[in-house]
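These notes concern the structure reproduced below.
The values are calculated or read from the model by the stated rules, or taken from the named source; none is laboratory data. The model shown is predicted, which means the values in this text are computed figures rather than measured ones. Cβ placement follows ideal geometry from the backbone for every residue including glycine, while neighbour counts extend to all protein chains displayed. What goes into the accessible areas is simple: the full protein's heavy atoms, side chains included, and nothing from ligands, DNA or RNA. Shrake-Rupley method; radii C 1.70, N 1.55, O 1.52, S 1.80 Å.
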Amino acid sequence: MDSPTFDRVADADRYEVISGGFDSHLFARAAIGSEDRVLDIGCGYGATTRLAARQASQGHAVGIDIAEPLLAQARAFAAAEGIRNVTYQTGDAQIHPFPEAGFDVAISRFGVMFFADPVAAFANVAAALQPGGRLVFTTLGPPEGNDLPRIIAAAVTEQPVAVLQSLADPERIDEVLTKAGFHDVTIDPVETSINLGTDAAAAAEFIVGWGGAGWPDTARDALVAAARPFETPGGVLLRSTAWLVSATVHP
Ligand SMILES: C[S@@+](CC[C@H](N)C(=O)[O-])C[C@H]1O[C@@H](n2cnc3c(N)ncnc32)[C@H](O)[C@@H]1O
């Protein structure tokens with residue numbers, strides 16, 4: 001249930017602060033053509049779906065996510081931006097009945113890390129791609145290259161880093177995609193910097209407000225302490241690394 005006081009526009013902005021630095025890598029690799037049909041998996045507030053729709057100006061982009069409140073906001077953003085060739089569908093990408101061979105390219109910005117059965121999920125995506133179609137996504141990189149999960153882990157004991165790390169090992173990524181029917185798997189490290197705010201207190205505020213997670217009051221002080229070592233004159237700067245992954249469905 002969506003809280004009436006939760007600010008979804010601000011929450012969407014937070015996702016861009018955290019992940020937007022990877023867009024140039026994702027879209028350079030995806031090389032979306034003007035007539036492409038694009039699927040965006042786990043699209044959240046759908047910023048990447050709208051970018052894809054702009055590039056596929058004669059085609060279209062479909063964003064899928066299990067979280068309907070995020071998609072409602074995504075539709076509102078698309079309407080405000082006047083983008084007509086984008087749609088957002090509620091569904092579980094693992095089992096969603098996509099149109100067979102209905103897409104030329106599937107993309108995802110950190111939306112493919114949560115599958116209970118990744119092989120089945122990616123096989124479902126492969127079936128949605130036409131022969132020769134390509135899959136391009138970012139997934140969380142190794143823990144030592146990612147300050148944000150470590151700051152969060154320092155502040156709470158029960159948090160989902162293990163889930164996020166489920167697709168962080170290149171050998172596992174290759175194995176999963178190959179078993180799911182993909183070929184030509186390419187995995188490259190990419191890196192960006194996240195600026196969480198002017199100081200550690202602002203960074204803690206950013207994290208507490210992100211995702212409506214319902215943080216305990218005690219977490220704020222722990223987050224401030226964990227963010228303190230990352231304070232610089234230019235703000236709280238965090239290292240963020242990801243794997244940029246691409247693969248194709250054979251013609
Ligand atoms: C880390 S967020 C990334 C959101 C968005 N791609 C972005 O970069 O802003 C992961 C998203 O994946 C969605 N998700 C998780 N499991 C999913 C599934 N099985 N099918 C569809 N979406 C899923 C979540 O609801 C969430 O919006």
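Values for this structure:
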quantity: Linear extension gain, L237 paired with D221, 0.36 nm per residue minus alpha-carbon span; calculated: 3.9 nm
quantity: Over the chain: Rg over Rh, Cα atoms, Kirkwood Rh; calculated: 0.97
quantity: Relative contact order %, the chain, counting alpha carbon pairs below 8 Å whose residues are six or more apart; calculated: 21
quantity: Percent accessible area from carbon and sulfur atoms, the chain, protein chains only, probe 1.4 Å; calculated: 56
quantity: Cα gyration tensor shape of region 64-192, rounded if a/c is under 1.5, else prolate or oblate by comparing a/b with b/c; calculated: oblate
quantity: Radius 13 Å from Cβ of L237, net charge of other residues (Lys, Arg +1; Asp, Glu -1); calculated: -2
quantity: Surface accessible to a 1.4 Å probe, per residue, for the residues of region 1-151, Å²; calculated: 42
quantity: Two-decimal log10 I(q)/I(0) for region 105-251, as the Debye equation yields it once each C-alpha is a single scatterer, q = 0.10 Å⁻¹; calculated: -0.42
quantity: Between region 16-72 and region 188-221, the Cα center-to-center distance that results, in Å; calculated: 24
quantity: Rg/Rg_globular for region 165-251, with Rg_globular taken as 2.2 N^0.38 Å and Rg from C-alpha atoms; calculated: 1.52
quantity: Residue-normalised accessible area of region 161-251, expressed per residue, 1.4 Å probe, Å²; calculated: 49
